[in-house]
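Engineer: Just dropping this structure here.
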Amino acid sequence: LALLLGIGFSVAYWRMNGFRAATVTPETTAQPIFVAGRYYEGPANDEAFGDLTREAYKLRSSGQLRGDFGNIFYNSPESSRDAAKVFVGIVVDDTVSQQLPAGYRFRTFPAGQRVLHARIDASYLVAPEKLYSGIKDYAAANK
């Protein structure tokens, strides 16, 4: 039974692209980048953080907000108990073409800012941890 459960979980994880690694590239923003979302500060493994991610997923899949998922990580918590400071949301084209849902705000990266851009083609259920570890690994390798 344990073997079957292990195989079942492995297949589900594979189907969510959980075995993929994040692609991290240093970039200089050519134009401003706008992220519509909500700020979260608290334990990295808290359910509230997951709730914000699920909310952004629902807004995107329903078409209420058009764009790609995008989080802004303001710190790097050393453990799951440390407070994560994250702006969770969706990268949008501009600040005027879409109406923001209640409680959502814009954060902007101005043009010319150096950023680490991490991408992964995976389910939102497994992507946050992959992105965090990808950025940490890249930062450590490149000092």
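Engineer: What is the residue count in the stretch 93-124 for residues that are over 24 Å from Ile135 (Cβ atoms) and among the hydrophobic types (A, V, I, L, M, F, W, C)?
Structural biologist: 3
Engineer: I'd like the residue in the stretch 1-44 that is aliphatic (A, V, I, L, M) and touching a Leu at 6+ places or on another chain (Cβ under 7 Å) and, out of all such residues, is farthest from Phe109 (Cα to Cα).
Structural biologist: Step by step, filter the stretch 1-44, then rank; the result is Met16.
Engineer: Would you say Val86 is in contact with an Asp or Glu (Cβ under 9 Å, 6 or more places away or on another chain) and either more than 27 Å from Asp137 (Cα to Cα) or modelled with pLDDT of 85 or more (or both)?
Structural biologist: Working: in contact with an Asp or Glu (Cβ under 9 Å, 6 or more places away or on another chain): yes; either more than 27 Å from Asp137 (Cα to Cα) or modelled with pLDDT of 85 or more (or both): yes.
Yes, satisfied.
Engineer: Considering only the stretch 27-68, state which residues are farther than 19 Å from Val86 by Cα and open to solvent by 80 Å² or more (accessible area, probe 1.4 Å).
Structural biologist: Result: Thr28, Ala30, Gln31, Ser61, Ser62, Gln64, Arg66.
Engineer: Out of (1) part of a helix (DSSP H, G or I); (2) over 22 Å from Gly134 (Cα atoms), what's the single condition that is false for Gly50?
Structural biologist: So Gly50 meets the others, but not (2).
Engineer: Mind listing whichever residues of the stretch 16-40 are part of a strand (DSSP E or B) and closer than 19 Å to Arg119 by Cβ?
Structural biologist: If the condition is that a residue be part of a strand (DSSP E or B) and closer than 19 Å to Arg119 by Cβ, then Thr23, Val24, Thr25, Pro26, Glu27, Thr28, Ile33, Phe34, Val35, Ala36, Gly37 are the ones that fit.
Engineer: Next question. Tell me, please, whether a residue that is not in a helix (DSSP H, G or I) and not polar (S, T, N, Q) can be found in the stretch 2-15.
Structural biologist: no
Engineer: Give just the number: which of (1) free of Cβ contacts under 8 Å to residues at least 12 places away in the same chain; (2) farther than 19 Å from Ala139 by Cα does Asn75 not satisfy?
Structural biologist: All conditions pass for Asn75, except number (2).
Engineer: For the stretch 94-110, which residues satisfy the criterion of being surrounded by 11 or more Cβ atoms within 10 Å (Cβ to Cβ), over 16 Å from the mean Cα position of the chain (by Cα) and modelled with pLDDT under 90?
Structural biologist: Thr95, Gln98
The values are calculated or read from the model by the stated rules, or taken from the named source; none is laboratory data. Fair warning: this is a prediction, and the values are worked out from it, not measured in the lab. All Cβ positions, even for glycine, are placed from backbone atoms using ideal geometry, and neighbour counts span all protein chains on display. Note: areas computed on protein heavy atoms with side chains; ligands, DNA, RNA excluded. Shrake-Rupley method; radii C 1.70, N 1.55, O 1.52, S 1.80 Å.
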